[in-house]
Amino acid sequence: MNTINASMLSSFAPTGTLRVGINLGNPILAGENSATRQLQGITIDIAHEIGQRTGLPVELIPFKTAGNTVDAVKTGDIDLVFVAIDPIRGADISYTPPYIQIEGAYMVKVTSPITANEQVDVVGNEIVVGKGSAYDLFLTREIKKASLLRAASSQAVVDDFMSGKGNIAAGVKQQLESDAKRYAGLRMLPGRFMVINQAIGIPKARPEYESTTAYLSEIISQLKQSGFVAQAMQRHQIEGAKVAE
């Protein structure tokens, strides 16, 4: 299956334009060129490839957080998103297989006695995490003894942390490492606390979402096998992620 018929097109993009939600809260997925102010990144490349294959014009709609992007899917304001696969979001979103995998990690201050991930979920610890992010959803399910403090976005986690909130910061490993360069006295905990599978998602409210998901899943498979995803990661100098198997 590598074709899309008129009925599927109408279900996929009812306005005639493919409205794609772009999450700027995760630098591995997308960002804004500082000189041109144009959106760039692996998700933008994939979105344009889907537009070419379907013959649909593409409108890129930026959001500051993954949570806001998901909300826009639920209200029908966008047709396609690039988000982490999560069972809670899955109630409203149909996913393709993942195209990349990203690591979630913890960061502490150099004076912290915490040296391993296993020491995080302890009574009295406070973990700062971006509200509505995949890490927030995961830690909400998994953390039993520590407390979660939610920053307004993933980008705000380290700033909140350095302003005195919490004693542990959680998020995309690359994002934390980048933010740590703006401050002194921070260190990453070894390893990762989760692997996040990033995929394409479309709203389940659409009448032909299952066949559309199958169509998009085949495209993702082809883009991984052809080297498209790996080349995009290299072109955008993405670290801290790998092509999903």
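The values are calculated or read from the model by the stated rules, or taken from the named source; none is laboratory data. Treat the numbers as computed from the prediction; the structure is a model and nothing was measured. Reconstructed Cβ throughout: ideal geometry from the backbone, glycine too, with neighbour counts over all protein chains shown. We work out accessible area using only protein heavy atoms, side chains counted, and drop any ligands, DNA or RNA first. Shrake-Rupley method; radii C 1.70, N 1.55, O 1.52, S 1.80 Å.
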Out of 108, 73, sole residue that is modelled with pLDDT of 90 or more, farther than 22 Å from residue 234 by Cα, open to solvent by less than 20 Å² (accessible area, probe 1.4 Å) and not in a strand (DSSP E or B): 73
Would you mind telling me which numbered condition in (1) surrounded by fewer than 14 Cβ atoms within 10 Å (Cβ to Cβ); (2) without any contact (Cβ under 8 Å) to a residue 12 or more places away in the chain; (3) in a helix (DSSP H, G or I) residue 48 fails? (1)
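On the basis of being assigned to a loop (DSSP other than H, G, I, E, B) and either open to solvent by 10 Å² or more (accessible area, probe 1.4 Å) or modelled with pLDDT of 95 or more (or both), does residue 68 make the cut? I'd like the intermediate steps shown before the answer.
Working: assigned to a loop (DSSP other than H, G, I, E, B): no; either open to solvent by 10 Å² or more (accessible area, probe 1.4 Å) or modelled with pLDDT of 95 or more (or both): yes.
Answer is no for this residue.
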Need at least 1 residues that are under 19 Å from the mean Cα position of the chain (by Cα) per element, so show me which strands (runs of 3 or more DSSP E) inside the stretch 162-245 make the cut, counting only ones lying wholly within it. 168-172, 194-203, 241-243
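Taking the stated definitions as given, is residue 226 in contact (Cβ under 8 Å) with a residue 40 or more places away in the chain and farther than 23 Å from residue 66 by Cβ?
no
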Here are some conditions: (1) outside any strand (DSSP E or B); (2) touching a Ser or Thr at 6+ places or on another chain (Cβ under 9 Å); (3) modelled with pLDDT under 95; (4) not small (Gly, Ala, Ser). Residue 78 meets all but one. Which one does it not meet? (3)
What tally of residues in the stretch 101-120 results from selecting those that are closer than 21 Å to residue 195 by Cβ and either out of contact with any strand residue (DSSP E or B) (no Cβ under 9 Å at 6 or more places or on another chain) or aromatic (Phe, Trp, Tyr) (or both)? 4
For residues that are modelled with pLDDT under 95 and either touching a strand residue (DSSP E or B) at 6+ places or on another chain (Cβ under 7 Å) or in a strand (DSSP E or B) (or both), scanning just the stretch 121-132, find the one that is least open to solvent (accessible area, probe 1.4 Å). 130
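Does residue 62 count as assigned to a loop (DSSP other than H, G, I, E, B) and either touching a Cys at 6+ places or on another chain (Cβ under 6 Å) or surrounded by fewer than 23 Cβ atoms within 10 Å (Cβ to Cβ) (or both)?
Numbers: assigned to a loop (DSSP other than H, G, I, E, B): no; either touching a Cys at 6+ places or on another chain (Cβ under 6 Å) or surrounded by fewer than 23 Cβ atoms within 10 Å (Cβ to Cβ) (or both): yes.
It is false that residue 62 is assigned to a loop (DSSP other than H, G, I, E, B) and either touching a Cys at 6+ places or on another chain (Cβ under 6 Å) or surrounded by fewer than 23 Cβ atoms within 10 Å (Cβ to Cβ) (or both).
Of everything in the stretch 198-245 that's small (Gly, Ala, Ser) and more than 16 Å from residue 49 (Cα to Cα), which residue is most open to solvent (accessible area, probe 1.4 Å)? Can you show your working first?
Initially, the stretch 198-245 is screened for residues small (Gly, Ala, Ser), giving 199, 201, 205, 211, 214, 217, 221, 226-227, 230, 232, 240-241, 244.
Applying the additional criterion that residues be more than 16 Å from residue 49 (Cα to Cα) yields 205, 211, 214, 240-241, 244.
Working: 205: 97, 211: 40, 214: 47, 240: 36, 241: 27, 244: 7 Å².
In this case the residue turns out to be 205.
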Consider only pairs whose beta carbons are under 8 Å apart and that are at least six residues apart or on different chains; among these, list those whose first residue lies in the stretch 128-147 and is farther than 17 Å from residue 64 by Cα and of a type in the set (Ser, Thr, Tyr) and whose second residue is open to solvent by 20 Å² or more (accessible area, probe 1.4 Å) and assigned to a strand (DSSP E or B). 140/148; 147/126
Which residue pairs have Cβ atoms closer than 6 Å, lie 6 or more positions apart in sequence or on different chains, and pair a first residue in the stretch 202-223 that is farther than 19 Å from residue 84 by Cα with a second residue that is among the small types (Gly, Ala, Ser) and surrounded by 14 or more Cβ atoms within 10 Å (Cβ to Cβ)? 206/11; 207/11; 208/11
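Pick from 143, 202: which is within 30 Å of residue 12 (Cα to Cα) and either among the β-branched types (Val, Ile, Thr) or touching a His at 6+ places or on another chain (Cβ under 7 Å) (or both)?
Result: 202 is the single residue among 143, 202 that is within 30 Å of residue 12 (Cα to Cα) and either among the β-branched types (Val, Ile, Thr) or touching a His at 6+ places or on another chain (Cβ under 7 Å) (or both).
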Looking only at the stretch 84-91, decide whether some residue is modelled with pLDDT under 90, open to solvent by 20 Å² or more (accessible area, probe 1.4 Å) and farther than 19 Å from residue 195 by Cα. yes
